[in-house]
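Before any comments, here is the structure.
The values are calculated or read from the model by the stated rules, or taken from the named source; none is laboratory data. Predicted, not measured: the structure shown is a model, and the values here were computed from it. Neighbour counts run over all protein chains shown; Cβ positions are idealised from the backbone, glycine included.
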Amino acid sequence: MLLLAIRGVVAAQSEDSGEECWNRRCSHHGPDIRFPFWLKDKQPAHCGYPGFGVSCERGKTLLQFQYLANTSLQGTQLLLLKNISIQSINYSSQEIAFVSRHQLTNSLKLVSLSTSSPSSPPHFGKLRPFIYPEQKEAGQYIFTNGTSVSCSSGIKDNYIFYGLVPGVLTSISGQTFPVYFLEDVRRPNTRPSITSCTKIFDSSLPYELLEAHNRFIINWSTPNCGKCEAKGEYCKLRKNSTNSKIETADLSTICFSRDRLREDSVEPIAGTIAEVISESE
C-alpha cells in the first residue's frame with residue numbers, strides 16, 4: 001500500500017511539473033526536441049503544436065513534411081507529403097535545417113483551393129536550399145520547377161537515366177495513379193528525348209525536394225515563440241489547451257521560465273521512487 005501511495009504521489013508531481021513535456025533528443029548529437037515540436041508515441045499532443053510531431057528512427061529526428069505548391073491546373077494546388085530528417089532546429093530564428101530522405105515513391109496529392117487546407121499543416125514559410133560557405137560566392141541558388149508526366153510502363157526501368165523522379169498522385173476525387181516528375185531543364189538538348197510520357201501539369205514544386213539527400217532550410221511562422229526565446233524563456237500552449245482534442249483547442253501560447261523545465265536524457269528515465277525503495281528492501 002505504501003509503495004502504491006508513493007507511486008501515485010510521484011505521478012501527480014510529474015504531471016503538475018510538466019515532466020511529460022521535458023525536452024527530448026533522438027540521439028546525443030540530435031536536435032533538442034521541445035515546443036512547438038513534440039515526440040510522437042513518447043509525449044502527449046499538448047506538449048507540441050499541431051503538425052510538429054516528430055519521431056525517432058535509428059537516432060534520426062524525422063518529421064512528415066507537408067509542402068503546398070501551385071500548379072498549372074486552375075484552382076488546384078499540389079501537396080507533397082515526405083519524411084524529412086531534421087539536422088538542426090534554431091528556436092530563436094524559428095528555422096529547421098533538414099535533409100530530404102530517399103523514398104521509393106513520393107506521395108503527392110491534388111487539393112482544391114475552394115476547399116479547406118489539409119488538416120493541421122505546419123505553418124512553414126519559404127523553402128530555401130542549404131548553402132555551404134564556398135557556394136555563397138557562386139551567386140543565388142534558384143530552384144528548378146518540376147513537370148508532372150504520365151509515362152508508359154517501358155520507362156520504369158530507366159527513369160533515373162531520363163532524370164525522372166517517381167511518385168504516386170492522388171486526384172481530388174481520390175483516385176491514385178503513378179506519375180513521374182520531370183526536371184524543367186532550361187537546355188532540353190542535355191536530356192534524352194522522352195516520347196513515352198505525356199504531360200499532366202506544371203508545378204512550382206521544387207524538383208530538388210523530391211530527390212534524396214538534398215539539404216534545405218525552412219522557417220515556421222506559427223506559433224511565434226521568438227518573443228519568448230528573446231527573453232531567455234521557453235514557449236508552450238496555455239493551460240486550457242492541454243486536452244486530447246488538440247485540433248479544437250485554444251492554440252494560444254505563453255512564455256515560461258526555463259528553470260521550470262529540465263532537459264531529459266536521450267532515453268526516458270526509467271523507474272520511480274517506489275521501485276528504488278522496493279529494491280532496497
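Summary of computed values
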item	result
Residues (hydroxyl-bearing (Ser, Thr, Tyr), touching a residue at least 60 places away in the same chain (Cβ under 8 Å) and under 17 Å from ASN219 (Cα atoms)) located in the range 74-106	TYR91, SER92, SER93, SER100
Hits in the range 80-96 (condition: in contact with a Leu (Cβ under 9 Å, 6 or more places away or on another chain) and either modelled with pLDDT of 90 or more or of a type outside the set (A, V, I, L, M) (or both))	LYS82, ASN83, SER85, ILE86, ILE96
Residue ID - nearest to the chain's Cα centre (by Cα), chosen from residues in the range 51-76 that are modelled with pLDDT under 90 and of a type outside the set (Phe, Trp, Tyr)	GLN64
Residue within the range 238-253 that is out of contact with any strand residue (DSSP E or B) (no Cβ under 6 Å at 6 or more places or on another chain), modelled with pLDDT of 75 or more and not basic (Lys, Arg) present	yes
Residues located in the range 58-70, provided they are without any contact (Cβ under 8 Å) to a residue 24 or more places away in the chain and either buried (at least 18 other Cβ atoms within 10 Å of the Cβ) or in a strand (DSSP E or B) (or both)	GLN64
Every pair of residues 6+ apart whose Cβ atoms lie under 6 Å, when the first sits in the range 235-260 and is assigned to a loop (DSSP other than H, G, I, E, B) while the second is at pLDDT 80 or above and among the polar types (S, T, N, Q)	ARG238/SER252
Condition check for ASP16: over 14 Å from the mean Cα position of the chain (by Cα), among the charged types (D, E, K, R), at pLDDT 95 or above and within 22 Å of CYS235 (Cβ to Cβ)	no
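One line per residue, one yes/no per condition, for (1) touching a Pro at 6+ places or on another chain (Cβ under 9 Å); (2) at pLDDT 80 or above; (3) surrounded by 10 or more Cβ atoms within 10 Å (Cβ to Cβ); (4) of a type in the set (A, V, I, L, M):
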{"residue": "LYS156", "(1), (2), (3), (4)": "yes, no, yes, no"}
{"residue": "GLY163", "(1), (2), (3), (4)": "yes, no, yes, no"}
{"residue": "PRO166", "(1), (2), (3), (4)": "yes, yes, yes, no"}
{"residue": "ASP184", "(1), (2), (3), (4)": "no, no, yes, no"}
{"residue": "PHE201", "(1), (2), (3), (4)": "no, yes, yes, no"}
{"residue": "HIS213", "(1), (2), (3), (4)": "no, no, no, no"}
